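Visitor: Sharing a structure below in structure tokens format, with a few things to ask.
Please treat every number below as a calculation from the coordinates, not as lab data. As the structure is a computational prediction, the values presented were derived from the model and not from experiment. Here the Cβ is made from the backbone with ideal geometry for all residues, glycine too, and neighbour counts use every protein chain on show.
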């Protein structure tokens, strides 16, 4: 498989991992949109969060639990978690990944 996130998750591409629990890994986004911008990904490949939820709902829960852990470690007073699903929604890597962003105020609606 030629998925960059699979290669990161399995150690084929070295990155500074912020978290690795055997199920999910986390690392800094290469193009951060906030002072804190971390990607949290399952080690198992699924093209998007819908596919991941159908196959492994407990892993979706784990992604959010790790996001909260990382937010707490950074003493974020608020944060945003986002899944982009599909190209028109901004998904550019088709391996499910949760964005954790914080360290600044966000506006609503997003986008």
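Visitor: What number results when the radius of gyration of the chain, computed over Cα atoms, is divided by 2.2 N^0.38 Å?
Guide: For the chain, the normalised Cα radius of gyration comes out at 1.01.
Visitor: Right, another one. Tell me, what is the percent relative contact order of the chain, built from C-alpha pairs under 8 Å that lie six or more residues apart?
Guide: Once normalised by length, the contact order is 30 percent.
Visitor: So if each residue of separation counts as 0.36 nm, and I subtract the Cα-Cα distance between residue 3 and residue 74, what length gain in nm does that give?
Guide: Contour length minus Cα-Cα distance gives 22.7 nm.
Visitor: Tell me, rounded to the nearest percent, the portion of alpha carbon pairs in region 25-79 spaced more than 14 Å apart.
Guide: Here the tail beyond 14 Å accounts for 57 percent of pairs.
Visitor: Okay, moving on. Write down the radius of gyration of region 60-108 and its Dmax, each obtained from C-alpha positions, in Å.
Guide: 11.9, 33
Visitor: Which of these, 55, 47, 34, has the largest mean-square fluctuation under a Gaussian network model of the chain (Cα springs below 10 Å)?
Guide: Looking only at 55, 47, 34, the largest GNM fluctuation is found for 55.
Visitor: Run the quick spin-label model on residue 110 and residue 21: label points 7 Å from Cα toward the beta carbon, then report their separation in nm to one decimal.
Guide: For the pair residue 110/residue 21, the computed spacing is 2.1 nm.
Visitor: Mind checking which of 71, 26, 89 has the largest fluctuation in a GNM of the chain, springs on alpha carbons under 10 Å?
Guide: 89
Visitor: Counting only helical runs of four or more DSSP H residues, what would the 222 nm mean residue ellipticity of the chain come to if each run contributes -39,500 (n - 2.57) and the total is spread over all its residues?
Guide: For the chain, the value works out to -8000 deg cm²/dmol.
Visitor: Report the residue, chosen from 56, 88, 75, that carries the largest GNM mean-square fluctuation when the chain is represented by alpha-carbon nodes joined by springs under 10 Å.
Guide: Of 56, 88, 75, the Gaussian network model singles out 88 as fluctuating most.
Visitor: Just grab the label-to-label distance for residue 10 and residue 89, each label 7 Å out from Cα along the Cβ direction, in nm (one decimal).
Guide: It is 2.6 nm.
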